[in-house]
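Report on the structure given below.
Values in this text are rule-based calculations from the coordinates and carry no lab data. Just so it is clear, the structure is predicted and the values come from calculations on it, not from any experiment. Here the Cβ is made from the backbone with ideal geometry for all residues, glycine too, and neighbour counts use every protein chain on show.
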Number of protein chains: 2
Amino acid sequence: MPISKQLSEYLKRGSWIRNLFEEGQRLSKESAEPVYDLTIGNPDLEPIQKFKTALEHAAGGNVPGAHKYMANAGYEETREAVAQSVGRDAGLDGCSKDQVVMTVGAAGAINVALKVLLNPGDEVIVSRPYFVEYQFYAENHGGKVVFVDTKADFDLDPQAIEAAITDKTKVVLINNPNNPSGVVYPQQTLDEVGDVLRRHSAGREAPIFLLDDAPYRKLVYDMDLCTSSLKAYENTLFASSHSKDLGIPGERIGFLLISPRCQGWQRVFAGMAFANRCLGFVNAPALMQRVVASLQDDVIDLDWYRKKRDRIYSALTELGYQTPYPGGAFYLFPKAPGGDDMAFIETLKAKRVLVVPGTGFGQPGYFRIAYCVKDETIDGALQALAAVMRK
Amino acid sequence: MPISKQLSEYLKRGSWIRNLFEEGQRLSKESAEPVYDLTIGNPDLEPIQKFKTALEHAAGGNVPGAHKYMANAGYEETREAVAQSVGRDAGLDGCSKDQVVMTVGAAGAINVALKVLLNPGDEVIVSRPYFVEYQFYAENHGGKVVFVDTKADFDLDPQAIEAAITDKTKVVLINNPNNPSGVVYPQQTLDEVGDVLRRHSAGREAPIFLLDDAPYRKLVYDMDLCTSSLKAYENTLFASSHSKDLGIPGERIGFLLISPRCQGWQRVFAGMAFANRCLGFVNAPALMQRVVASLQDDVIDLDWYRKKRDRIYSALTELGYQTPYPGGAFYLFPKAPGGDDMAFIETLKAKRVLVVPGTGFGQPGYFRIAYCVKDETIDGALQALAAVMRK
């Protein structure tokens, strides 16, 4: 076997998601009838005009050396703009470029953070349901994921997290707003998690870090600003990207920020810049760094998402689907009628509707709807979801 | 200590290169006199006009979904263009998009390849002098680097490679044209390495792979086409980028190709696409994929480099510096007079000339000159190199 045991295992594990995707392709080809695909978080929304203008400007500008290597952390101007935006939103004093590394998306940022922090065998606590890639990311760096449950409404459970802490715990990894549930964690819950981590960090050689994967931080529909891990806890690494808030996931532009309240953040920062290099990212794409520097206060059309969320959430609730309240991101995570998510997605598939089973996120019995799609897709899906519920 | 033991060790190891860099910064600030910095492979040459036109076109084009995720392997059109270019240069039939994954630079490509191939403890044979990042890359994926010597002229030594092969050998990693030596390996040497690997792969569960890091493949000055690992051996993974041939290293656009002659390449390809995802690269930057699709047969001004190479190589030879013949890339790797490279770079630094000691590439007694700089920098450096030699 030419490929490694780990990757071979991953391919096996990953194959049912691929099968799902290929099933969709097959359905599309077999018949001219539409397929209502709600599986992928790949927004069907063009970036805002301001992004396009900034991109054309950056592409056309004859800045000498615009495409050369820069420091591994990225352009100072971009890092400072990110620090100001994140720091202001979190009400955090002292945020500056010195705490920010520009990365190849939030996925790059999380891998950089874990490379910096994990010794072999260190544990990463992850709350279910979780973004499926986290397990790969932890294992890339010799870490071990320890799963804990959330509460019934999919809010974080500080007591469950506390019960999972061992001598080997190095990182608690959260995702706020959450994929797949769309839940925005209340500030009080984050504060409680902060208290737990503070208490258990006392007397340790190194603190337990809170790593917040926050690519949806600007996609919240009932509040002006998302709740904040940086407010809740001093030893926080904040990973984000512009994939969702500017709608440019293919461009791989994100960042990792270490809280200026973290003791010894300077050393963590040095590690972040070095990890960006030694993992082979080297630096975030130069041109996009330049583009996003001026777009830190911008966001795609939130109303486009809010309307879709409101419509599907109330339709599903009316139909009798139990759905945790989706305050952010662009996902809903309803309970699968009958309780068997794998059977349920097959029933939907027969009606040409594709969704991801909760099993894929460590939470069987639920299914994920990604509503970053055209209204026609939602129309068709709602019809099928209604028909299935009525049976 | 907040950061991992491995990264802490890396930072220590990496610190003398950083010191060198900071020394240069300090020298620049202390006095208005110029500093002649020949340390970094970051070309001082703007991309060709055709690149700029393609970039403006891609940035201005209103292609729907241009910034969305695509398949992890990249756009089919780009992958096909890469396959045609590499396949034609190597005289290889059957190259197609099906063997190509677009990556975040060649560094991303090497990490993807090693993630696909290595089980913990597997050995990666690397010939000295070597690009300093290789050790990090192998260790990222649980691999162990085994160093072997090259011949006196820094050509690969097939016998040395053969002697280093054990049951654990999974990859032989080469870099052609070579950084830091500028040497282009002769086709016959590559063929001999291929013979060695073929012989030692017989009867194994999986073959030994040749991983060729080839970002300088188009920067050769005495031949039309670079010599080819793909010609020499069937189980070859070819990693490259457009950092050097289009002069856009900051944009992080490269690729990894598995030879269509490799038995079971389909499985390796599936692993490559998955590794691109699970390492957090996800995909190569979308916009640059679009741009380079039409530039596969283009290259920056080779004469700009050739003239500099000819000038420094003959000047150094005349001065009495022993320098292996630099057929490609933009580096020279002369012997340090006196034999102590660390002492020699200090002597040069006193004359405001910065070069990298061979110790940094596993080859003490030599020093690296990166000649991708302005002529004035070369003027000043040659004066100092002459003065030092005369002493």
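Here B:Arg352, B:Arg252, B:Arg306 are placed in order of increasing Cβ neighbour count within 10 Å, fewest first, which gives B:Arg306, B:Arg352, B:Arg252.
Scaled against 2.2 N^0.38 Å for its residue count N, the alpha carbon radius of gyration of the range A:258-351 is 1.74. Each of B:Arg277, A:Arg368 was scored by other Cβ atoms within 10 Å of its Cβ. Listed from fewest to most, they are B:Arg277, A:Arg368. If you take the Cα centroid of the range A:191-251 and the Cα centroid of the range A:99-158, the two points sit 12 Å apart.
Calculate, for B:Arg306 and B:Arg198, the FRET efficiency according to 1/(1 + (r/R0)^6) with r their C-beta to C-beta distance and R0 35 Å; round to the nearest 0.05. The computed FRET efficiency comes out at 0.50.
The smallest convex shape that holds all Cα atoms of the range B:1-72, its convex hull, gives 240 Å³ per residue. Counting every C-alpha pair in the range B:135-280, the share spaced more than 21 angstrom apart comes to 46%.
Put simply, the range A:40-183 fits an ellipsoid with semi-axes of 33, 20, 16 Å; these come from the alpha carbon gyration tensor as the roots of five times its eigenvalues, largest first.
Entry note: chain B has Rg to Rh equal to 0.96, where both radii use alpha-carbon atoms and Rh is the Kirkwood radius. Divide the volume of the convex hull around the Cα atoms of the protein assembly as shown by the residue count and you get 156 Å³ per residue. The HN-Hα couplings worked out from phi for the range B:93-107 by the Karplus form 6.51 cos²θ - 1.76 cosθ + 1.60 (θ = phi - 60°) are 7, x, 6, 8, 3, 5, 10, 10, 10, 6, 10, 7, x, 5, 4 Hz, whole numbers, x standing for Gly and Pro. Values of log10 I(q)/I(0) for the range A:305-391 across q = 0.13, 0.16, 0.20, 0.25 Å⁻¹ run -0.35, -0.55, -0.89, -1.47, by the Debye formula with one identical scatterer at each alpha carbon and no solvent. Sorted from nearest, the other copies put their B:Asp44 label points 5.2 nm away, the label point being 7 Å from Cα in the direction of Cβ. Using a Förster distance of 25 angstrom, determine the FRET efficiency expected from the C-beta separation of A:Gln383 and A:Met223, and round it to 0.05. Calculated value: 0.20.
Loop-located trypsin sites (Lys or Arg not before Pro) in the range B:104-201 (DSSP state not H, G, I, E or B) with no more than 16 neighbouring Cβ atoms inside 10 Å: B:Lys151, B:Lys168. Do any of A:Lys168/B:Lys5; B:Lys115/B:Lys168; A:Lys151/A:Lys391 go past 18 Å between their Cα atoms, and which? Distance filter (> 18 Å) returns A:Lys151/A:Lys391. Amide H contacts of B:Thr150 (H built 1.01 Å from N, in plane; Pro and chain starts excluded): B:Arg128 sit under 5 Å, all sequence-distant by 5 or more or on other chains. Within the range A:101-184, all pairs of alpha-carbon atoms sorted by distance into 5 Å bins from zero give the percentages 3, 15, 26, 23, 20, 10, 3, 0. The helix-only estimate of mean residue ellipticity at 222 nm for chain A, built from DSSP H runs of length n ≥ 4 each weighted as -39500 (n - 2.57), is -13000 deg cm²/dmol after division by the residue total.
The same position B:Gln266 in the other copies lies at 5.7 nm from this copy, comparing label points 7 Å beyond Cα toward the beta-carbon, shortest first. For the range A:221-252, backbone nitrogen atoms closer than 20 Å to the point 7 Å from B:Asn62 Cα along Cα-to-C-beta are found at A:247-248.
Label-point spacing at B:Gly121 relative to the other copies reads 1.6 nm, in ascending order, each point sitting 7 Å out from Cα along Cα→Cβ. Seen against the Cα atoms of chain B and their longest principal axis, helix B:302-319 is set at about 40 degrees. If R0 is taken as 41 Å, the Cβ-Cβ distance between B:Gln84 and A:Gln266 corresponds to a FRET efficiency of 0.25.
Taking each of A:Lys12/A:Lys349; A:Lys68/A:Lys97; A:Lys12/A:Lys308 in turn, the alpha-carbon distance tops 25 angstrom for A:Lys12/A:Lys308. In terms of overall dimensions, the C-alpha atoms belonging to the range B:224-310 reach 44, 33, 21 Å along their principal axes, ordered largest to smallest.
Helix B:265-278 against the longest principal axis of chain B: what's the angle in degrees, Cα atoms only, rounded to the nearest 10? The angle comes out at about 70 degrees.
In whole angstrom, the range B:29-117 maps to an equivalent ellipsoid with semi-axes of 33, 21, 16, each derived as √(5λ) from the alpha carbon gyration tensor and ordered largest first. Pairs of alpha carbons in the range B:48-94 separated by more than 15 Å make up 64% of all such pairs.
Helix A:49-60 sits at what angle to the longest principal axis of chain A, using alpha carbons and giving 0 to 90 degrees rounded to 10? That helix lies at roughly 50 degrees to the long axis. Stretched out straight at 0.36 nm per residue, the stretch from B:Glu77 to B:Met342 would grow longer than its current Cα-Cα span by 90.6 nm.
Only Lys, Arg, Asp and Glu carry charge here, each on its Cβ (+1 for the first two, -1 for the last two); on that basis the protein assembly as shown has a dipole of about 480 debye about its Cα centre.
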